[in-house]
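Visitor: Would you mind keeping the following structure in view while I ask a few things?
The values are calculated or read from the model by the stated rules, or taken from the named source; none is laboratory data. Keep in mind that what you see is a predicted model, and the values were worked out from it rather than measured. Backbone-built Cβ (ideal geometry, glycine too); neighbour counts: all protein chains shown.
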Amino acid sequence: MASVKQIIFVLVLSALLIGAIGWWVNRNAAPPELLLDVDEALEGPLAPDELKIDKPDITNPMNRIAVMKTNKGTIEIELFEDQMPITTGNFIKLAEEGFYNGVKFHRVIDGFMIQAGDPNTKGTDTASYGRGGPGYTIQDEFVEGELLTNVRGTIAMANTGQPNSGGSQFFINTVDNTTLDFDKEPFSSRHPVFGRVINGLTDVVDTISDVAVTPGSNMPIEPVIIESVTIESR
């Protein structure tokens, strides 16, 4: 019977032989390619600051979300009900009545904003686009607040430039437009912010902002349609 020392010797010799064979087989093998050697540019995740703008956190879990389905994708908007009850209440009322279903984005200015909410755009008389409303106007809701400023991704009321002339039309800022705030003298534009996009900013809002438009009117050549607006609690 083999001794313990002989068995250990055989095991060690076998391990050395296996290692030598592995080295011989792999000595001419090409080194693994680094992923960075590929020609295609790699798209990493959004940086923290970009992510905060593109998909910001909900500021108040009690605030409801407007889910706006368009033929370009879905936009989700947190409505600042806790700070802007009049304006958000009106928007929610109209949405729940189906008022916005079929309305078009009738004014799109790249590097500025995209505007919708006119029921006239459900028809074909483009000369009337931008002039319609719900048949009433609401009180201007000028409230100071860190979030209530016209920066990229916020939604604000459109109006005629006269006090208390907003109704159903709104716009989404595609860049910072703080000169549209009510408290930015000497600028005369006063557009109350009542929510902000929490999903769909870069992939939907920016896509709409980039569509081809008719010079002068800034009306999209191919219609951009709001198919539905539903209000959800989360």
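One line per residue, one yes/no per condition, for (1) in contact with a strand residue (DSSP E or B) (Cβ under 9 Å, 6 or more places away or on another chain); (2) under 17 Å from F112 (Cβ atoms):
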position	(1), (2)
N159	yes, yes
Q169	yes, yes
E185	no, no
V205	yes, yes
V229	yes, no
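Visitor: Kindly indicate the residue of the range 121-134 that is assigned to a helix (DSSP H, G or I) and within 26 Å of the chain's Cα centre (by Cα) and also surrounded by the fewest Cβ atoms within 10 Å (Cβ to Cβ) among those meeting that condition.
Guide: Ranking the qualifying residues of the range 121-134, first place goes to K122.
Visitor: Evaluate the following for E144: is it more than 16 Å from the chain's Cα centre (by Cα) and in contact (Cβ under 8 Å) with a residue 24 or more places away in the chain?
Guide: So E144 fits the description; yes.
Visitor: In this structure, does E227 turn out to be at pLDDT 95 or above and closer than 19 Å to A66 by Cα?
Guide: Judged against the criteria, E227 is a match.
Visitor: Quickly run through the range 87-101 and pick out the residues that are more than 15 Å from V67 (Cβ to Cβ) and of a type in the set (G, A, S).
Guide: The one that is more than 15 Å from V67 (Cβ to Cβ) and of a type in the set (G, A, S): G89.
Visitor: Of the residues that make up the range 202-212, is at least one modelled with pLDDT under 95 and in a loop (DSSP other than H, G, I, E, B)?
Guide: For the range 202-212, residues modelled with pLDDT under 95 and in a loop (DSSP other than H, G, I, E, B): absent.
Visitor: Out of the range 96-141, which residues are more than 24 Å from T174 (Cβ to Cβ), hydrophobic (A, V, I, L, M, F, W, C) and out of contact with any helix residue (DSSP H, G or I) (no Cβ under 8 Å at 6 or more places or on another chain)?
Guide: Residue satisfying the conditions is A127 alone.
Visitor: Quick check on E50: is it closer than 23 Å to V175 by Cβ, outside any loop (DSSP other than H, G, I, E, B), modelled with pLDDT of 95 or more and not β-branched (V, I, T)?
Guide: Against the criterion (closer than 23 Å to V175 by Cβ, outside any loop (DSSP other than H, G, I, E, B), modelled with pLDDT of 95 or more and not β-branched (V, I, T)), E50 does not qualify.
Visitor: Give the number of residues within the range 145-187 that are closer than 24 Å to D203 by Cβ and part of a strand (DSSP E or B).
Guide: 7
Visitor: Please enumerate the residues belonging to the range 213-234 that are assigned to a strand (DSSP E or B), touching a residue at least 12 places away in the same chain (Cβ under 8 Å), over 22 Å from L94 (Cα atoms) and out of contact with any Phe, Trp or Tyr (no Cβ under 8 Å at 6 or more places or on another chain).
Guide: Once the filter is applied, which keeps residues that are assigned to a strand (DSSP E or B), touching a residue at least 12 places away in the same chain (Cβ under 8 Å), over 22 Å from L94 (Cα atoms) and out of contact with any Phe, Trp or Tyr (no Cβ under 8 Å at 6 or more places or on another chain), the range 213-234 yields only V213.
Every residue, every condition in (1) on the phi > 0 side of the Ramachandran plot; (2) out of contact with any Lys or Arg (no Cβ under 9 Å at 6 or more places or on another chain), yes or no:
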residue: E141; (1), (2): no, yes
residue: E146; (1), (2): no, yes
residue: G153; (1), (2): yes, no
residue: G161; (1), (2): yes, no
residue: G166; (1), (2): no, yes
residue: T179; (1), (2): no, yes
residue: F182; (1), (2): no, no
residue: S189; (1), (2): no, yes
residue: F194; (1), (2): no, yes
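Visitor: Can you name the condition, by its number, that I114 falls short on among (1) within 22 Å of the chain's Cα centre (by Cα); (2) over 23 Å from L180 (Cβ atoms); (3) among the β-branched types (V, I, T)?
Guide: Going through the list (1) within 22 Å of the chain's Cα centre (by Cα); (2) over 23 Å from L180 (Cβ atoms); (3) among the β-branched types (V, I, T), I114 breaks only (2).
Table: residues versus (1) of a type in the set (S, T, N, Q); (2) in contact with a Lys or Arg (Cβ under 6 Å, 6 or more places away or on another chain).
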site	(1), (2)
H106	no, no
T121	yes, yes
T126	yes, no
R131	no, no
Y136	no, no
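Visitor: Working only within the range 179-205, note down all residues that are surrounded by fewer than 14 Cβ atoms within 10 Å (Cβ to Cβ) and within 24 Å of the chain's Cα centre (by Cα).
Guide: T179, D203
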